[in-house]
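Visitor: I am attaching a structure below and will ask some questions about it afterwards.
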Amino acid sequence: MTALASARPATLRTLLRLHRPALLLWTAFVLLAAGALLWVHRSAAPRDRVCRRPGGWCTYTAFTDTDNVMNFLGEALSYAPCAVAAWAGAALIGRELESGTAHLAWTQAVTPVRWLTAKLTTAALPLLAGTTVLALAYGTVWSADRDVLVTDWTWDRVFVPRGPLLPALALCALALGALAGLALRRTLPALATACAATLALRLYLRELWRPLRGPLTGFWPLHLAATGIVLAVTAAATAATYAVLHRRAA
């Protein structure tokens, strides 16, 4: 028991050190996106309001236009889970199985279940924290400055990152990546499969809510329904991941 207890913090430290580049990249992405949203709210949107007054006039570039920036951020946030899935399938799980590092860890103080749980937890916490911050920031900015934006809530680039659907998609991408990594045990096939599965889910959701846009005039019922679907897929993928792990480790 003492050896196992001491192995837990050591395992977490090892995982953090191993995936430090990915953590730094994710942190930079969150900070840049949040900074851009803050710039839109504090600088770009007020400028546009002044420019649209009678007699007002401003010049814009592709990088300073409020709509362009918000559209780009919305697209980047909407498809960021695909990158998460690719990383989870390749670097987090697939590479360690392909190289034999995972099997070496299983023969020592770390059981396969504890290994996978530590992997998923270490990755899920920063993903959940970052996407929650970005979803709150994007939703706040879009709601406060929608008078100077041309987008509607039914647009994908607004619908996805404006609420809890974004964190749910990130966690689902992590689960799909882990499943692909364990099932395929090779880096590149796991990367491609996880990314494709997450993209397919993302596009499926777009087709699912498209016919409901007309009858529904409230954003939140549809958004929460889509979030529930994604969380159900996440739970199923996580259960399947542990089932595959038990079979591989047996």
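Visitor: Tell me the per residue accessible area of the range 160-204 using a 1.4 Å probe; a whole number in Å² is fine. Mind showing how you got there, number by number?
Guide: Values: 1510 Å² over 45 residues.
I get 34 Å² per residue for the range 160-204.
Visitor: Label 7 Å along Cα→Cβ of Ala240; the range 165-189 residues with amide nitrogen under 17 Å?
Guide: Within reach of a label on Ala240, which here means backbone N under 17 Å from a point 7 Å along Cα→Cβ, the range 165-189 contributes 169-186, 189.
Visitor: Once you have a ≥ b ≥ c as the square roots of the Cα gyration tensor eigenvalues for the range 88-192, tell me rounded if a/c is under 1.5, and otherwise prolate or oblate according to whether a/b is larger than b/c. Don't skip to the answer; put the middle values down first.
Guide: Numbers: a/c = 4.62, a/b = 2.59, b/c = 1.78.
Prolate.
Visitor: With all protein chains present and a 1.4 Å probe, how do Ile229, Ile93 order by accessible area, largest first? Mind dumping the intermediate values first?
Guide: Values: Ile229 65, Ile93 0 Å².
Result, largest first: Ile229, Ile93.
Visitor: Something else now. Along the charge dipole of the chain, pointing to its positive end and built from +1/-1 on Cβ of Lys, Arg, Asp and Glu, which listed residue (Ser143, Leu245, Leu38) has its Cα farthest out?
Guide: Result: Leu245.
Visitor: Take His246, His41, His19, His223 and sort them by solvent-accessible surface of the protein heavy atoms, 1.4 Å probe, largest at the top. Each step should come with its number before you reach the end.
Guide: Numbers: His246 110, His41 65, His19 20, His223 0 Å².
Descending accessible area places them as His246, His41, His19, His223.
Visitor: Quick one: net charge of Ala44's neighbours, Cβ under 12 Å, K/R +1, D/E -1? Present the calculation step by step, with values, prior to reporting the outcome.
Guide: On the way: positive: Arg42, Arg47, Arg49; negative: Asp48, Asp65, Asp67, Asp145.
It works out to a net charge of -1.
Visitor: Return the unpartnered cysteines for the chain, using a Cβ-Cβ cut-off of under 4.7 Å.
Guide: Lone cysteines by the Cβ rule: Cys82, Cys172, Cys195.
Visitor: Given the -39500 (n - 2.57) contribution per DSSP H run of 4+ residues, what per-residue ellipticity at 222 nm results for the chain, rounded to the nearest 500 deg cm²/dmol?
Guide: Numbers: 11 runs with 188 residues, N = 250.
Taking each H run of at least 4 residues, the total per residue is -25000 deg cm²/dmol.
Visitor: Taking the Cα atoms of the chain, what is the range of coordinates along each of the three principal axes, in descending order and whole Å?
Guide: Projected onto the principal axes, the Cα atoms of the chain cover 74, 38, 32 Å.
Visitor: Related question: Nearest 20 debye, what's the magnitude of the dipole of the chain about its Cα centre given +1 on Lys and Arg Cβ and -1 on Asp and Glu Cβ?
Guide: Details: 23 positive and 11 negative charges, 115 e Å.
The calculated dipole for the chain is roughly 560 debye.
The values are calculated or read from the model by the stated rules, or taken from the named source; none is laboratory data. This is a predicted model, so every value here is computed, not measured. Methodologically, a virtual Cβ is constructed for each residue, glycine included, from the backbone with ideal geometry; neighbour enumeration extends over all protein chains shown. Please note that ligands, DNA and RNA were not included when accessible areas were found on the heavy atoms of the full protein model with its side chains. Shrake-Rupley method; radii C 1.70, N 1.55, O 1.52, S 1.80 Å.
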